[in-house]
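Here is the structure we will look at, set down as C-alpha cells.
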Amino acid sequence: GCATPGSVVARAQRRVFRESLMKDQRALVAYGSRLGSTAGVASRVAETLTAVGSRVDLLPIAETVDVGRYDRVILGSPIRYDRWLPEAVWFAEAHRAALSARPVHAFFTCLVLARRTPAAEEKSPAYAQRVAELLPDVTVQHVGRFAGALDSTREPWPERWLLRLVSAFTGVAEGDDRDASAVRAWALRLGEAVPGADGVSSGVTLPGERRAASFPSSA
C-alpha cells in the first residue's frame, strides 16, 4: 500500500534520531577481505557513517588497533567455505573484552546471497547467527548480509579452479552482485539501540534487485 504522510514523517524522524546518535562518535570499521570485494563494502559503510558526522577509521582487520579508543565498532568479513575469515575470528576473540563494552555491529558478504533461492534464504540467517555467536560475551546489535563479487581470475590457480567448481555447483555466476544502496541503508540503521532477534538485525535481509555500479571495479 501507499505510505501515509504520518508514516513518512515518522520514518524521517527515526532517521534523524539514528543519525544524531552517530554524530561525533568515533567509529572503527575493521574488515577482512581476500580480493577487495568486502573491502569495498566496508569502505561504503565508512563513507556513510562519515557523512552523518561520525569520525571513522577504516582499517584492515589484521592491523594492530586499540579498540578502546572507539565508541562503536563495525566488523566485516566475507564468508568463505561457510566461515568468516580466520583473521576476523581472531580479531573478535583477541578484542572480546573491549568489544563487550561498546556497541558492535557486523556484516558479511557471501556469493550465495546473489541468488534469491530457498537455499540462500536458509543460509542467510544461519550465517548471521554464526557470526553473532563468534562474540559470546558481546551483543552484536546488527548483522548485515550482503551479496559479494566473484572474479576467479584474480585467485591463484588452485583457488581459481575450486571457485569455478563452486560457481557451477551453486549456479552463482561470476560478476559483481554488491548492492551499494543496501549497504548504505544498513549503515544508516546502526544508530538503532535495539537489535533484532538473537542479535541479528530483523530488518536486513537479502539485497534488493537493484545492483549499484558505484563500487569500483577493482574492489
Exercise for review: With the condition kept exactly as written, say whether any residue in segment 37-48 is in contact with a Gly (Cβ under 9 Å, 6 or more places away or on another chain), over 19 Å from Leu113 (Cβ atoms), not in a strand (DSSP E or B) and not β-branched (Val, Ile, Thr).
Suggested key: no
Review point. For segment 14-29, does any single residue satisfy the condition of being within 14 Å of the chain's Cα centre (by Cα), modelled with pLDDT of 85 or more and closer than 29 Å to Ala120 by Cβ?
Key: yes
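The values are calculated or read from the model by the stated rules, or taken from the named source; none is laboratory data. Source: prediction; values computed, not measured. For neighbour counting, all protein chains shown are included, and Cβ atoms are generated from backbone atoms with ideal geometry for every residue, glycine included.
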